Each structure stands twice: as structure tokens, then as C-alpha cells.
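One structure follows; several queries about it will come next.
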Amino acid sequence: MITRGKIGLRAVEKADLIQLKEWRNNPDFRKHFREVRELNDANQERWFENLNQDSNSYFFSIVSLDTGNLIGAGGLLYINWVIKSADFSFYVGDSDEYVSTSERCVDSISAILEYGFGTLGLNKVWMELYENDDRKIELFKNTFNFSIDGVFRENWYDSGFKNSFLLTLLKSEFEVLDDE
């Protein structure tokens, strides 16, 4: 288990799937995800099986070290080992938090980034976020120094078109942030 502060990152277990599916299907969360359809048990099982066979993804259950309870999920997906980059995915589902500047969110994000840049040797972490995901955009820009590198104009989203942003963080930028 990877720990930081009061949270731990551990492998996703089959027992986590029911709770993770409930959080992923939360309409307040789902409106921010690229996968907008509601997931069923078969979708969740297939995702879990694929995750366990994918050497280009490191996805974790986030747990409270105080209680051992599952509080969220996050990780690094679509890792390109040649250019040393990965897509960052993250949310805290417990108490419908999603993302915030809470200690558990900041520690979870920091732990995933430290693992990616340190252990995995990545150079860049990126995210595609819809323009309506203000809380996540502001958290990653203001707290973690992510930059907006580009705009994908008019991506289909739910029942209309929305812009999405490509946010990135380089290892050298994270090291500067980490030293503060």
C-alpha cells in the first residue's frame, strides 16, 4: 500500500466494485466523466478484468488509513512508456466530495503523482476535463500547477457540445511544487 497523510492507495479489489459503480453512476460526478453512460454490473466487471490485465494502467482504490474504508479512486491510465506520459483520473466518492482542497483529496492526488513521477518514471501527466468541471480544473491548476495546454472544441457531451481542456503537469514542475 502507498500511503500519504491519512490516505492509502491500494489495488482495486472485487469487493470495491459495487461502491465504485455507485460513485461512477452518481449523476453529479458522471456529468464530468468522458464515459457518461450509466454503468451496470457487467460493465464494472469487464472494467475490473481489463484493469487487471492492463500493463499500461495503474489505478487504485483510495482508503482512509483511520477507518480502512474506501473513499475514492484514482490512478494513471493509458501510459505511453516511450514518451513517459499518462492520463490522470481521480475522484473522492465518500460524502459526495468529488474533488476539493480537503487534506484527503490533496494527499490522494499527491500520492498518485509521486508514484507516477517517482516510481514509474513518468515525465508528463495529463487530463482531459470538460469546461463545466470547474472544481477539478481549479484544483489541479491552483494546487498542483497543472497548465492548460489546449482546448478541444465542441466535443459531444451528454445532449450538446462542450469544450474540454487538456491539462498537463511535467515532472520538473511537480518537483518544484513538491519542494514548496
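The values are calculated or read from the model by the stated rules, or taken from the named source; none is laboratory data. The structure presented is a predicted model; accordingly, all values stated were derived computationally and were not measured. No Cβ is skipped: glycine too gets one built from the backbone with ideal geometry, and neighbour counts run over all protein chains shown.
Looking only at residues in the stretch 84-118 that are of a type in the set (Val, Ile, Thr) and under 13 Å from the mean Cα position of the chain (by Cα), which one is farthest from Asn132 (Cα to Cα)?
Only one residue fits best here, namely Ile112.
Okay, moving on. Would you mind stating whether Ser164 is of a type outside the set (A, V, I, L, M, F, W, C), touching a strand residue (DSSP E or B) at 6+ places or on another chain (Cβ under 8 Å), crowded, with 18+ Cβ neighbours inside 10 Å and assigned to a strand (DSSP E or B)?
When the stated conditions are applied, Ser164 passes them.
Oh, and also: Looking at Ser100, is it within 27 Å of Ser172 (Cα to Cα), in contact with a Gly (Cβ under 8 Å, 6 or more places away or on another chain), in contact (Cβ under 8 Å) with a residue 12 or more places away in the chain and surrounded by fewer than 18 Cβ atoms within 10 Å (Cβ to Cβ)?
no
Please tell me if Ser95 is at pLDDT 95 or above and among the polar types (S, T, N, Q).
For Ser95, the condition - at pLDDT 95 or above and among the polar types (S, T, N, Q) - is not met.
Restricting attention to the stretch 106-155, which residues are out of contact with any strand residue (DSSP E or B) (no Cβ under 7 Å at 6 or more places or on another chain) and among the acidic types (Asp, Glu)?
Glu114, Asp133, Asp134, Glu138 - these are the residues of the stretch 106-155 that are out of contact with any strand residue (DSSP E or B) (no Cβ under 7 Å at 6 or more places or on another chain) and among the acidic types (Asp, Glu).
Can you tell me which residues in the stretch 105-129 are assigned to a helix (DSSP H, G or I), without any contact (Cβ under 8 Å) to a residue 60 or more places away in the chain and surrounded by 20 or more Cβ atoms within 10 Å (Cβ to Cβ)?
Answer for the stretch 105-129, where residues must be assigned to a helix (DSSP H, G or I), without any contact (Cβ under 8 Å) to a residue 60 or more places away in the chain and surrounded by 20 or more Cβ atoms within 10 Å (Cβ to Cβ): Cys105, Ile109, Gly116, Phe117.
Just one of the numbered conditions (1) in a helix (DSSP H, G or I); (2) surrounded by fewer than 18 Cβ atoms within 10 Å (Cβ to Cβ) is not true of Asn132; which one?
Just one mismatch for Asn132, condition (1).
A quick yes/no check of all residues on (1) surrounded by fewer than 13 Cβ atoms within 10 Å (Cβ to Cβ); (2) polar (S, T, N, Q); (3) within 30 Å of Phe161 (Cα to Cα):
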{"residue": "Phe33", "(1), (2), (3)": "no, no, yes"}
{"residue": "Arg37", "(1), (2), (3)": "yes, no, yes"}
{"residue": "Gln44", "(1), (2), (3)": "no, yes, yes"}
{"residue": "Ser55", "(1), (2), (3)": "yes, yes, no"}
{"residue": "Ala73", "(1), (2), (3)": "no, no, yes"}
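Only one of Val12, Val36 is at pLDDT below 95, in contact with a helix residue (DSSP H, G or I) (Cβ under 7 Å, 6 or more places away or on another chain) and β-branched (Val, Ile, Thr); which?
Selected residue: Val36, the only one of Val12, Val36 that is at pLDDT below 95, in contact with a helix residue (DSSP H, G or I) (Cβ under 7 Å, 6 or more places away or on another chain) and β-branched (Val, Ile, Thr).
Across the stretch 135-161, which residue is modelled with the lowest pLDDT among those that are surrounded by 12 or more Cβ atoms within 10 Å (Cβ to Cβ), part of a strand (DSSP E or B) and among the aromatic types (Phe, Trp, Tyr)?
Restricting to residues being surrounded by 12 or more Cβ atoms within 10 Å (Cβ to Cβ), part of a strand (DSSP E or B) and among the aromatic types (Phe, Trp, Tyr), the top hit is Tyr157.
When the residues of the stretch 57-71 are narrowed to those that are more than 15 Å from Asp16 (Cβ to Cβ) and either hydrophobic (A, V, I, L, M, F, W, C) or in contact (Cβ under 8 Å) with a residue 40 or more places away in the chain (or both), which ends up surrounded by the most Cβ atoms within 10 Å (Cβ to Cβ)?
Residue satisfying both the conditions and the ranking: Tyr58.
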